Amino acid sequence: MATLHEEIVDAMGELHGVHPGYRAAHARGVFCRGTFTAAPEARQLTRAAHMRGEPVDVTVRFSNGSGNPDAPDTDRRDGRGMATRFQLPDGETTDIVAISIPVFFVRTAGDFLEFVRVRKPDPETGDMDMERVGAFVAAHPETQAALGLILPTLVPPESYARCAYNSLHAFGFLNEAGERRFGRYRWEPEAGTRMLSDEEIDTRPPRYLAQELEQRLAAGPVSFTLRMQIAQEEDPLEDPTVAWPEDREWITLGTMELTELDTQ
């Protein structure tokens, strides 16, 4: 019997098509190399090895959300991903997986499977059955609320380097004093955020994001600041469909500087 995770992968293959050698989601991406340097404030929050202040090497994969590697970068329904792997001093690694949408569509993996299935295109028309999608949304008011936050962010960006990326889950951080706090990550681009206008979208080639990033890196480093939004007692820790209020405390954890593409 297939596990829930296997059912999700199979359902995503039915939604986006099966493409051997590619991920079921975020199929197309581009890798970069650089370094991350923690800020002094990070040590007050966590004792993690990559938050001690010494630069650590990182590998970053920017990606489009679609499971179809041939989907154009100009798709107006696609989020962007940023997965970061930190090379720790002891040879181990740790990751941060983040996405350009502010919250997630659903609360649970089971709901995600159902959401993927109702979006499966009709084999005759090639379009989604909007009645099925509407029925799902009506039965999941948290999804309806989340879509109100998500849809405005799905406009194609000028660059992978001009998106903010969010970890949609909350993580617990333990400092040297044994104090535990919970928070959500956000990568903020030094270049600022910018989406394309409709006119600009129509003039961009299908794979403009990787091309733009290569040109940008040739001109100089691409930098992001890693910040942490700290939860208060009333903020849900296990519901990724809910955004925490922006007036929560924010802690700057460090800065990442990407210097080159990684083609290996």
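Of everything in region 143-174, what is out of contact with any strand residue (DSSP E or B) (no Cβ under 8 Å at 6 or more places or on another chain) and more than 25 Å from R119 (Cβ to Cβ)? Give them in sequence order.
Listed by number, the list holds a single entry, S159.
Within region 73-124, count every residue that is part of a loop (DSSP other than H, G, I, E, B), within 26 Å of P245 (Cα to Cα) and not β-branched (V, I, T).
Of the residues in that region, 8 qualify.
Is at least one residue of region 55-64 in a loop (DSSP other than H, G, I, E, B) and more than 19 Å from E14 (Cα to Cα)?
Yes.
Taking the residues in region 8-34 that are aliphatic (A, V, I, L, M) and in a loop (DSSP other than H, G, I, E, B) as candidates, determine which candidate is farthest from S159 (Cα to Cα).
Looking at residues that are aliphatic (A, V, I, L, M) and in a loop (DSSP other than H, G, I, E, B), I get V18.
What about E158, is it over 28 Å from L237 (Cα atoms) and modelled with pLDDT of 95 or more?
So E158 passes the test.
Would you call T84 over 16 Å from the mean Cα position of the chain (by Cα) and farther than 22 Å from M128 by Cβ?
Spelling it out, it is not the case that T84 is over 16 Å from the mean Cα position of the chain (by Cα) and farther than 22 Å from M128 by Cβ.
Looking at region 78-88, which of its residues are in contact with a helix residue (DSSP H, G or I) (Cβ under 9 Å, 6 or more places away or on another chain) and open to solvent by 20 Å² or more (accessible area, probe 1.4 Å)?
Q87, L88 - these are the residues of region 78-88 that are in contact with a helix residue (DSSP H, G or I) (Cβ under 9 Å, 6 or more places away or on another chain) and open to solvent by 20 Å² or more (accessible area, probe 1.4 Å).
Would it be correct to say that A25 is of a type in the set (A, V, I, L, M, F, W, C) and farther than 18 Å from I99 by Cα?
Answer is no for this residue.
Within region 123-154, take every residue that is under 19 Å from G65 (Cβ atoms) and touching an Asp or Glu at 6+ places or on another chain (Cβ under 9 Å) and give me the one that is surrounded by the fewest Cβ atoms within 10 Å (Cβ to Cβ).
M128
Pairs only if they're at least six apart or on different chains, beta carbon under 7 angstrom, first in region 126-144 and over 14 Å from V106 (Cα atoms), second surrounded by 14 or more Cβ atoms within 10 Å (Cβ to Cβ); list them, first residue then second.
D127/P121; M128/R119; M128/P121; R132/V118
One residue is enough: does region 111-118 have a residue meeting the conditions closer than 22 Å to L261 by Cα and surrounded by 14 or more Cβ atoms within 10 Å (Cβ to Cβ)?
Taking every residue of region 111-118 in turn, none turns out to be closer than 22 Å to L261 by Cα and surrounded by 14 or more Cβ atoms within 10 Å (Cβ to Cβ).
Just for region 89-102: of the residues that are touching a strand residue (DSSP E or B) at 6+ places or on another chain (Cβ under 8 Å) and either exposed (fewer than 15 other Cβ atoms within 10 Å of the Cβ) or at pLDDT below 95 (or both), which one is nearest to V116 (Cα to Cα)?
Selected residue: D95.
Being charged (D, E, K, R), at pLDDT below 95, over 16 Å from the mean Cα position of the chain (by Cα) and within 30 Å of M228 (Cα to Cα) is the requirement here; does R52 meet it?
yes
Mind listing whichever residues of region 29-52 are under 27 Å from R216 (Cα atoms) and open to solvent by less than 40 Å² (accessible area, probe 1.4 Å)?
Selection gives G29, V30, C32, G34, F36, A38, A39, H50.
Looking for whichever is over 21 Å from M82 (Cβ atoms), buried (at least 18 other Cβ atoms within 10 Å of the Cβ) and out of contact with any strand residue (DSSP E or B) (no Cβ under 7 Å at 6 or more places or on another chain) here; the options are D198, D202, D247, D235. Which one fits?
So the residue among D198, D202, D247, D235 that is over 21 Å from M82 (Cβ atoms), buried (at least 18 other Cβ atoms within 10 Å of the Cβ) and out of contact with any strand residue (DSSP E or B) (no Cβ under 7 Å at 6 or more places or on another chain) is D235.
Surrounded by fewer than 20 Cβ atoms within 10 Å (Cβ to Cβ), touching a Phe, Trp or Tyr at 6+ places or on another chain (Cβ under 9 Å) and touching a residue at least 60 places away in the same chain (Cβ under 8 Å): does that describe T74?
yes
Look through region 57-67, keep the residues that are buried (at least 20 other Cβ atoms within 10 Å of the Cβ) and farther than 18 Å from A161 by Cα, and return whichever of them is nearest to the chain's Cα centre (by Cα).
Across region 57-67, the extreme among qualifying residues is S66.
The values are calculated or read from the model by the stated rules, or taken from the named source; none is laboratory data. As the structure is a prediction and not an experimental result, all values here were calculated from the model. Using ideal geometry, Cβ is built from the backbone for each residue, glycine included, and neighbour counts are taken over all protein chains shown. Please note that ligands, DNA and RNA were not included when accessible areas were found on the heavy atoms of the full protein model with its side chains. Shrake-Rupley method; radii C 1.70, N 1.55, O 1.52, S 1.80 Å.
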